[in-house]
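Worksheet: the structure to be examined is printed underneath.
The values are calculated or read from the model by the stated rules, or taken from the named source; none is laboratory data. Since the model is a prediction, treat every value here as computed from it, not as a measurement. Every residue, glycine among them, receives a Cβ derived from its backbone with ideal geometry; neighbour counts consider all protein chains shown. The protein model used for the area step is the full one, side chains on, heavy atoms only, and it has no ligands, DNA or RNA in it. Shrake-Rupley method; radii C 1.70, N 1.55, O 1.52, S 1.80 Å.
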Amino acid sequence: MKKRLTAFLLAVAMLCPVLFSGCGVIIGNGTDTCYKFIDYIVNGKFDRAYDLIAESIQRYDPNENVKATPTAAPVATDEPEVIDDDRSEQQMDTLIVEDGKVVDIVPSPTPTPTPVPTDTPAPTATPKPTPTAAPTASPTPSPTPDADGNPYVEKTITRSEFVSKYMGIFEEMGVTGIDYTVTDAMDGDIIATVNYTLTYHTEKGGDLTYDFEIEANRIESRWVINWSPNLIFPMMDWGDTMRVGVIQSKRGEILCDGVPYAQNVNIVTVFSVPSNIEDMDAFYQGVLSIPELVAGLETEERKGTAALDYALSRTRNDFCKICTFFPDELTDDLKARILAVQGLAIDTQNYGTTRYYPYGESLCHIVGYAGIVTKKELRKFEAAGDTRYNGDSWVGKYGLEVTYEDNLTGTNGSFTYIQDPKGGSKGVLYRKDAVDGQDLHLTIIPELQQRLEDVVNTIVYDPYEVRGAVVVMNPKTGAIQAMKSWPGFDLNYVARGMPEDEWEQLKNDQVNLRLFNRAVQGIYTPGSVFKLMTTAAALETGTITKTTEFPKSETIKNDEWMPSDSISPGFSEYANGRALKRTPTTKRLTPMNLTSSIIQSDNLFFAWVGLKLGRERFEAYLRNLGWETPLPFEIKDEDGNSIAATPQIYSILKHDNGDWVYDENGRPKEKSGIPQNNYDLAVSAYGQGQLMVSPLQMAAFVSAYANDGNIMVPYVVDSIWHADKTDYNLVEQHEPTYWKKNAIQMSTINTVHDALLRVCTQGTAHYMVDRLYFKGYDLDINGTDYTFIGKTGTAEITNDKSKELGWFVCWRDGATPENARLVCVMLEINLNSNGKIPTETEIAYMKFDIAHSMLTKNALNTYYGEVDTLARLRNAETASGSDNNFGTALGLMGIGSVQPGASNEPAGSSFKEPETSAMPAVTPRPDAYTTTNEPLKIEIIG
């Protein structure tokens with residue numbers, strides 16, 4: 001009996017769910033289910049939250065054998081795949097996060113999610129489009145428009161999609177916590193609702209607070225959540241995606257006294273609105289009749305009509321990009337031809353920026369250039385943990401652009417927004433503003449730099465036969481005021497990506513070395529300018545005094561000297577019978593001492609001084625002066641290495657017995673290894689020998705004579721600034737610093753001061769003053785505030801004497817510290833130039849005209865003209881039987897005085913040119929440092 005009762009009860013128990021289905025007891029209520037769902041989301045239990053949503057919303061995924069677990073953040077893939085995409089890297093800057101995954105990259109040209117291109121106004125321009133920035137990723141499945149044109153959107157979701165969507169969005173926002181407060185709740189038998197305010201605490205957007213309403217429905221005996229994406233964000237619906245747009249930061253600019261030499265300009269985009277094209281055949285014919293458009297459209301795979309077909313096939317939201325141009329490429333003529341085609345328009349605002357160098361070749365070796373970052377560079381930055389770069393970023397490749405990369409590169413911002421299936425924005429969730437790069441303000445004076453460019457282009461008749469470099473600096477501070485190395489290259493042409501064969505040719509050109517900064521990287525034989533170093537060494541070691549004369553016991557015949565054994569035993573054998581030669585002149589100054597030898601640059605006197613010094617004392621002095629020590633300078637190569645050459649004393653290394661030989665970096669190196677001897681020491685003492693120095697280093701060494709014996713560190717970046725909205729803030733200000741303090745003694749400067757002045761009036765640089773007068777410049781010495789002072793040099797650099805270097809270092813004597821200026825000119829002259837060999841006079845004219853243009857206060861002066869000049873000479877009543885030389889004429893006119901023993905040179909003359917407002921004041925701050933040297937007994941060199 002008991003067994004039968006037990007069996008009956010078990011049967012009833014098994015039938016209860018069937019018998020009482022639809023009318024059983026419901027455990028809990030709807031609001032409790034709502035609270036539970038919210039708590040699951042707040043605590044990151046997305047998988048459990050999915051179990052609470054209605055089965056009609058859930059979609060089975062056959063690949064899900066087990067429940068998804070929230071263990072891995074499914075955010076971005078390393079390299080999003082873009083299939084068959086010919087968009088430029090400058091347009092690829094926005095991530096699409098769809099269902100927690102980055103699915104595509106699209107352009108975001110402006111900080112707003114739906115940019116509107118602005119075409120260049122013109123009567124024939126096609127109306128403006130209002131597209132989204134570019135092609136958008138399609139939800140799954142691909143939307144199919146309904147009768148009203150709205151895309152079909154799937155309103156179910158799989159478990160893995162649900163989990164990934166929450167995790168991906170929360171990961172992107174950097175959610176650190178979630179709080180919520182219930183504001184209202186309503187329970188019902190079928191529907192329950194809870195109104196609540198929820199705050200996402202995020203790293204990227206701060207606190208984001210929204211009001212939500214969640215609804216639970218009773219399905220038979222259980223409550224389920226009627227879920228949709230608006231429970232993530234109130235404005236989010238089925239088919240919507242979260243997009244993260246990159247706000248591209250602006251690269252810092254490089255300016256000289258407010259004038260930009262490297263700047264950011266907008267790219268010009270030619271586009272069409274296909275719906276506005278009335279005659280497609282005429283459109284095709286019009287576009288393909290403009291060669292510039294065809295060049296921008298065509299690729300190796302697609303030409304002509306096929307290229308235009310492809311462009312039109314990529315139309316999105318009735319917007320089609322045809323091609324882009326750099327601003328300077330859009331000439332008025334090209335613009336007119338484009339806008340004449342019905343269906344074409346031009347945008348100059350919304351499609352990115354490019355690096356632009358307004359002055360092309362000017363300062364090419366200083367400013368350098370930047371280019372779009374390469375994949376290799378991106379990998380390098382990523383490996384270093386530097387997240388500032390993406391495919392649109394510009395990165396420095398050369399010059400200051402690479403040296404100051406960290407300053408010039410900004411930090412990109414971002415904006416996150418919801419986009420509907422049609423591509424429209426439903427509102428920005430949050431944004432982080434970009435931080436632009438910092439600006440470099442250089443010490444370069446624009447007017448002076450332009451004057452330098454102009455004078456070199458005017459007087460150097462062939463830049464490939466007469467190459468060279470010019471350095472202009474303030475010797476009191478080290479500030480570089482102008483610099484040029486030629487031949488150069490066009491920064492825009494290189495930065496925009498020149499043809500590969502042309503680039504290889506440019507890089508491998510070991511003759512013209514157009515990428516080579518001769519002023520900083522090149523090292524050259526200094527010629528007679530080096531006699532200033534020999535002078536300092538001899539005076540400061542007590543080897544000679546100002547009045548020491550060349551030995552009268554030595555024989556000089558036909559301006560040649562073979563030292564006797566009493567001076568240098570066995571010299572003739574060392575020299576292989578080669579006698580030392582002196583600089584020619586029409587009339588010798590006497591006696592043959594330091595002063596006259598500086599004025600006339602007498603090689604024999606300085607050869608004798610070098611032998612008297614001896615190798616050990618000479619080299620020790622030069623090393624102490626800084627020879628063989630790298631001179632600090634800001635410009636570095638792409639690998640961060642300084643490009644400044646190191647001056648060499650090859651007398652302690654090897655004898656260069658051949659033509660120039662260049663290493664893999666384009667720098668000269670020695671060719672053979674013949675041991676040094678006293679002949680090499682003698683010729684080195686007057687600057688021929690095996691000494692090597694760059695124009696920048698030579699300028700720095702000689703600047704000690706213009707700065708109380710001190711050598712400053714040369715620099716070209718005066719200050720660094722940063723724009724923060726409307727504020728422009730100083731980040732860093734350069735202060736002048738010493739490289740070698742008291743490098744040359746004041747007694748040395750005093751001793752040679754008068755001789756160096758006379759170099760420019762009656763010595764080897766007298767051409768400069770002569771030409772100033774005969775070219776019509778007013779030589780008014782009354783009331784002048786500075787005079788010219790300097791030293792010339794010439795060096796032969798090959799065994800066959802086919803090349804010559806023309807040097808001239810000159811500076812303002814007596815100028816105030818803020819007006820102090822020194823110029824170093826180095827001309828590399830090819831004497832085997834197919835009949836175009838310049839004469840010594842032409843070479844002198846070139847370097848003196850360059851120096852004069854840099855040292856005077858203005859570019860244009862009162863010009864009298866040749867006839868008027870001769871009339872002035874006649875009015876001075878020059879005696880018909882006189883020598884009729886220039887020095888005599890100046891003396892008779894009261895402009896200068898004739899010096900005994902001089903020939904064809906005025907002595908003591910100086911001049912002042914009219915003031916002009918064209919030149920701005922120099923910016924260096926001489927008060928930043930002081931010197932402890934005793935006051936000069938004569939006028940301080942300025």
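Just to be sure before I move on: is Asp257 touching a residue at least 24 places away in the same chain (Cβ under 8 Å), farther than 30 Å from Ala311 by Cα, open to solvent by 40 Å² or more (accessible area, probe 1.4 Å) and out of contact with any Leu (no Cβ under 9 Å at 6 or more places or on another chain) in the structure I sent? Give the derivation first.
Details: touching a residue at least 24 places away in the same chain (Cβ under 8 Å): yes; farther than 30 Å from Ala311 by Cα: yes; open to solvent by 40 Å² or more (accessible area, probe 1.4 Å): yes; out of contact with any Leu (no Cβ under 9 Å at 6 or more places or on another chain): no.
No: the conditions fail for Asp257.
Cβ-Cβ contacts under 7 Å between residues 6 or more apart (or on different chains), taken from a first residue in the range 354-383 that is open to solvent by 40 Å² or more (accessible area, probe 1.4 Å) to a second residue that is among the charged types (D, E, K, R), are listed as Glu361/Asp490; Ile372/Glu89.
Within the range 593-604, can you find the residues that are outside any helix (DSSP H, G or I) and surrounded by fewer than 22 Cβ atoms within 10 Å (Cβ to Cβ)? Of everything in the range 593-604, just one residue is outside any helix (DSSP H, G or I) and surrounded by fewer than 22 Cβ atoms within 10 Å (Cβ to Cβ), namely Asn593.
Provide a single number: the residues in the range 753-780 that are part of a loop (DSSP other than H, G, I, E, B) and either of a type in the set (S, T, N, Q) or modelled with pLDDT under 80 (or both).
Step one: of the range 753-780, the residues part of a loop (DSSP other than H, G, I, E, B) are 760-765, 775-779.
Next, only the ones that are either of a type in the set (S, T, N, Q) or modelled with pLDDT under 80 (or both) stay: 761-762, 764, 775-779.
Final tally of qualifying residues: 8.
In the range 534-556, of all residues being in contact with a Pro (Cβ under 9 Å, 6 or more places away or on another chain) and closer than 13 Å to Ser597 by Cβ, the one that is least open to solvent (accessible area, probe 1.4 Å) corresponds to Phe550. Within the range 488-496, one or more residues are touching a Ser or Thr at 6+ places or on another chain (Cβ under 9 Å), modelled with pLDDT under 95 and of a type in the set (Lys, Arg).
Let's see how each residue does on (1) under 29 Å from Ser747 (Cβ atoms); (2) out of contact with any helix residue (DSSP H, G or I) (no Cβ under 6 Å at 6 or more places or on another chain); (3) outside any loop (DSSP other than H, G, I, E, B):
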position: Phe530; (1), (2), (3): yes, yes, yes
position: Met533; (1), (2), (3): yes, yes, yes
position: Ala536; (1), (2), (3): yes, no, yes
position: Glu554; (1), (2), (3): yes, yes, no
position: Asn576; (1), (2), (3): no, yes, no
position: Thr583; (1), (2), (3): yes, no, no
position: Thr586; (1), (2), (3): no, yes, no
position: Thr590; (1), (2), (3): yes, yes, no
position: Gly610; (1), (2), (3): yes, no, yes
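All told, Asp559 falls short of being open to solvent by 20 Å² or more (accessible area, probe 1.4 Å) and either free of Cβ contacts under 8 Å to residues at least 24 places away in the same chain or of a type in the set (Phe, Trp, Tyr) (or both). Here the condition is being under 30 Å from Glu735 (Cβ atoms) and hydrophobic (A, V, I, L, M, F, W, C); of Ile567, Ile544, Ile480, it holds for Ile480 alone.
Consider the range 175-198 and keep the residues that are aliphatic (A, V, I, L, M), under 14 Å from Glu215 (Cα atoms) and in a strand (DSSP E or B). The one that is nearest to the chain's Cα centre (by Cα) is Val182.
Within the range 340-349, if we keep just the residues that are under 26 Å from Asn264 (Cβ atoms) and open to solvent by 10 Å² or more (accessible area, probe 1.4 Å), the residue that is modelled with the lowest pLDDT turns out to be Gln349.
Tally the residues that are among the aliphatic types (A, V, I, L, M) and open to solvent by 80 Å² or more (accessible area, probe 1.4 Å), restricting the search to the range 198-225.
Here the count works out to 1.
I'm trying to understand the selection: among the residues of the range 427-444, which are hydrophobic (A, V, I, L, M, F, W, C), under 30 Å from the mean Cα position of the chain (by Cα) and in a strand (DSSP E or B)? Answer for the range 427-444, where residues must be hydrophobic (A, V, I, L, M, F, W, C), under 30 Å from the mean Cα position of the chain (by Cα) and in a strand (DSSP E or B): Val435, Leu440, Leu442.
Give the residues of the range 228-267 that are part of a loop (DSSP other than H, G, I, E, B), β-branched (Val, Ile, Thr) and closer than 18 Å to Gln349 by Cβ, sorted by residue number.
First, pick out the residues of the range 228-267 that are part of a loop (DSSP other than H, G, I, E, B): 228, 232-240, 248-253, 257-258, 267.
In the following step, the residues that additionally are β-branched (Val, Ile, Thr) were identified as 232, 267.
Of everything in the range 228-267, just one residue is part of a loop (DSSP other than H, G, I, E, B), β-branched (Val, Ile, Thr) and closer than 18 Å to Gln349 by Cβ, namely Ile267.
Residues that are part of a loop (DSSP other than H, G, I, E, B) and without any contact (Cβ under 8 Å) to a residue 60 or more places away in the chain were ranked within the range 490-528; the one that is surrounded by the fewest Cβ atoms within 10 Å (Cβ to Cβ) is Pro499.
Okay, residues lined up against (1) at pLDDT 85 or above; (2) more than 27 Å from Ile749 (Cβ to Cβ); (3) in contact with a Pro (Cβ under 7 Å, 6 or more places away or on another chain):
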| site | (1), (2), (3) |
| --- | --- |
| Asn782 | no, no, no |
| Ile789 | yes, no, no |
| Thr792 | yes, no, no |
| Glu796 | no, yes, no |
| Asn799 | no, yes, no |
| Ser802 | no, yes, no |
| Ala815 | yes, no, no |
| Glu818 | yes, no, yes |
| Cys824 | yes, no, yes |
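When Ala370 is tested against the conditions (1) at pLDDT 90 or above; (2) in contact with a Gly (Cβ under 8 Å, 6 or more places away or on another chain); (3) farther than 18 Å from Ile267 by Cβ, the lone failure is (3). Flag: Val456 matches the condition of being crowded, with 16+ Cβ neighbours inside 10 Å, in contact with a strand residue (DSSP E or B) (Cβ under 9 Å, 6 or more places away or on another chain) and assigned to a helix (DSSP H, G or I).
Do we have Phe415 as open to solvent by less than 30 Å² (accessible area, probe 1.4 Å) and either closer than 30 Å to Ile232 by Cβ or part of a helix (DSSP H, G or I) (or both) here? Considered against the rule, which asks whether it is open to solvent by less than 30 Å² (accessible area, probe 1.4 Å) and either closer than 30 Å to Ile232 by Cβ or part of a helix (DSSP H, G or I) (or both), Phe415 comes out as yes.
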